[in-house]
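A quick write-up on the structure given underneath.
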Amino acid sequence: MSDGPAIDAGRVIADLRELDRRTGGPDGAQRLCWGEGWRAARSLLGELLAELGLEAERDEAGNLWGSLEGEGGPALAIGSHLDSVPDGGWLDGALGVMAALGVLRAWSEAGVAPPRTLTLVDWADEEGARFGRSLFGSSAFSGTLAVDELRGLRDGDGRPIGDVLSENGVELDRAPRAGGRRGEVAAYVELHIEQGPVLEAEGLRAAAVSGCVGIERHRFRFAGQASHAGTTPMDRRRDAGLAAAEAALRVEEIGRRHGGVSTTGALAFEPGIPTAVAGQAELMVDLRHPEAGELAAMLGDARAEVEAIAARRGCELEMRPVWRIDPIRFDPELVAAARQACTEATGSDRVLTSGALHDAAEVARVLPAAMVFCPSAAGISHAKEEDTFEADLVAGIEAFGLLAHRLVRGGLQPT
Ligand SMILES: [Zn+2]
């Protein structure tokens with residue numbers, strides 16, 4: 001079977017290195033969204049599109065699109081995000097954008113129109129590292145961006161989100177209009193690094209991704225009684241700090257019990273001095289599972305067990321939800337196609353659930369979507385040490401190229 005012109009993985013990697021040269025440094029990638037490094041990354045992408053005779057277009061949410069006209073529509077969209085966390089890695093997001101460019105380049109240089117229009121998309125502000133709202137551009141596209149919830153946000157320098165976006169040509173109130181493009185797109189696929197250790201540990205070079213985990217993030221606050229560390233007998237204490245510490249250990253156990261992951265990433269004691277029993281303590285808990293039922297069970301167990309700890313230690317407990325998202329399943333047929341492409345290109349037959357969120361999860365709410373993962377060396381990401389062995393990069397890029405070519409040649413249901 002002919003799959004169309006092959007992607008040149010070496011050129012994709014050369015583009016990634018050039019991007020790193022322009023926007024990276026000794027501390028890692030500096031492409032914080034809406035800032036100078038991010039704009040420099042986009043101007044490189046604009047130059048590379050121009051080499052193919054294509055124009056970069058921006059929608060109302062600041063997403064950047066570049067289309068190679070095919071024989072028909074709606075388009076197959078491919079891409080990821082160029083923005084990074086501060087001091088981030090060179091591949092997170094950038095890999096998917098440059099691989100998408102590689103797919104467009106393959107058709108363009110072969111001088112044949114693809115059977116279906118191919119559209120590259122660079123989603124704006126995937127990371128949410130500046131204003132705390134991740135998946136900005138892709139959620140504007142999918143229709144879940146609640147502008148009123150964003151209006152009050154400020155960055156670390158106290159600058160309002162509206163002002164920063166305006167400087168980049170984006171009016172916050174108009175951002176949801178980016179959803180107007182949905183009708184032009186049939187499906188979306190994205191290549192991304194795994195950002196975890198599983199593929200490397202299993203010696204695999206690529207994997208299909210079946211979806212993204214659901215997340216329950218909650219704040220548990222214990223109120224006991226602050227008292228003197230020397231004069232309060234052990235059996236007379238209402239130690240909120242130890243209640244929180246016990247809760248953190250219990251939360252860890254709950255993640256293991258349900259086959260999910262659970263994290264207490266923040267724990268604070270008040271007054272937080274060595275000479276007093278902590279009167280108040282607070283922990284932030286993040287629970288994740290690919291199955292909605294199991295995620296609900298994890299949360300149910302956490303609530304019941306943390307309540308019991310509070311009661312036993314004579315503390316009051318306040319539980320407040322911080323943020324939640326349901327698990328998202330990618331389109332089964334696209335996942336199967338991704339799996340097939342990975343198997344053929346790399347010999348690795350593996351399907352993973354992503355423990356992190358991605359733009360594809362937002363897109364999957366409204367269109368068939370799927371992802372391919374490349375391994376991450378030592379599982380490290382969001383850090384300057386983030387890397388992938390070159391042979392693995394080549395294999396992942398080729399698997400993604402094969403997937404995109406197949407989808408563009410057929411196999412997509414009309415939407
Ligand atoms: Zn990413």
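The values are calculated or read from the model by the stated rules, or taken from the named source; none is laboratory data. Bear in mind the structure is a predicted one, so any value in this text is a computation, not a measurement. Virtual Cβ from ideal backbone geometry, glycine too; neighbours counted across all protein chains shown.
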So is residue 355 under 15 Å from residue 200 (Cα atoms) and not hydrophobic (A, V, I, L, M, F, W, C) or not? no
Identify, please: which residue in segment 189-245 is among the hydroxyl-bearing types (Ser, Thr, Tyr) and either out of contact with any helix residue (DSSP H, G or I) (no Cβ under 9 Å at 6 or more places or on another chain) or at positive phi (or both) and is, among those, nearest to the ligand (Cβ to nearest atom)? 232
All but one of (1) part of a strand (DSSP E or B); (2) more than 20 Å from residue 228 (Cα to Cα); (3) at pLDDT 95 or above hold for residue 294; which doesn't? (1)
Which residues, taken from segment 341-369, are within 16 Å of the ligand (Cβ to nearest atom) and either among the small types (Gly, Ala, Ser) or assigned to a loop (DSSP other than H, G, I, E, B) (or both)? 354, 355, 356, 357, 358, 360, 361, 364, 369
When residues of segment 142-185 are limited to those that are free of Cβ contacts under 8 Å to residues at least 60 places away in the same chain and of a type in the set (Lys, Arg), the one nearest to residue 362 (Cα to Cα): 151
Residues being over 21 Å from residue 68 (Cα atoms) and without any contact (Cβ under 8 Å) to a residue 12 or more places away in the chain: count how many of those fall in segment 33-51. 1
Take residue 164 and tell me if it is in contact with a strand residue (DSSP E or B) (Cβ under 6 Å, 6 or more places away or on another chain) and either within 29 Å of residue 332 (Cα to Cα) or not in a loop (DSSP other than H, G, I, E, B) (or both). no
Candidate set from segment 62-114 (those that are within 13 Å of the ligand (Cβ to nearest atom) and among the charged types (D, E, K, R)); member that is farthest from the chain's Cα centre (by Cα): 83
